[in-house]
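Throughout, read-outs are computed from the coordinates displayed, never taken from laboratory work. Everything quoted here is computed from the prediction, not taken from an experiment. Quick reminder, even Gly has a Cβ in these numbers, built from the backbone with ideal geometry, and neighbours come from all protein chains shown.
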Amino acid sequence: MRVTVDSNVVVSAFLWGGVPRRVMDYARDGAINIFTSPQLIDELRGVLSRERFESRLNEVGSSVAEIIDQY
C-alpha cells in the first residue's frame, strides 16, 4: 500500500508515539510504502523547527535533522 503521511502525523509519531508511530512502524516493516516529496520534507522541517517543539525534541533526545533522516 502506498501512503502519503501528513506532517502532523509524522511529528506525533516521532515525538509522542501512539497510533501515528504504528504508521511509521508499518513502513519500517515493509507493510506500507510512504511516499513524500521535497516540499513535504521542507514542510516537516519547518513544523519541527517551531519553538513549541524544542523542549519535546530535547526530551526524546532527538533533533530536527535526525527525525528527517529517520523519516
Using θ = phi - 60° and the Karplus relation 6.51 cos²θ - 1.76 cosθ + 1.60, list the HN-Hα couplings for the stretch 63-69 in order, rounded to whole Hz, with x at every Gly or Pro.
10, 4, 4, 5, 5, 4, 4
Long-range amide H partners of VAL3 with built H, under 5 Å:
ASN33, ILE34, PHE35
For labels at VAL60 and VAL19 in the simple 7 Å Cα→Cβ model, what's the distance in nm?
1.8
State, as an integer percentage, the relative contact order of the chain based on alpha-carbon contacts under 8 Å between residues 6 or more apart.
34
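Report the full-extension gain for the segment ASP6 to THR36: residue separation times 0.36 nm, less the Cα-Cα distance, to one decimal in nm. If you can, show how the numbers build up before the last one.
Numbers: separation 30, 0.36 × 30 = 10.80 nm, distance 0.95 nm.
Length gained between ASP6 and THR36: 9.9 nm.
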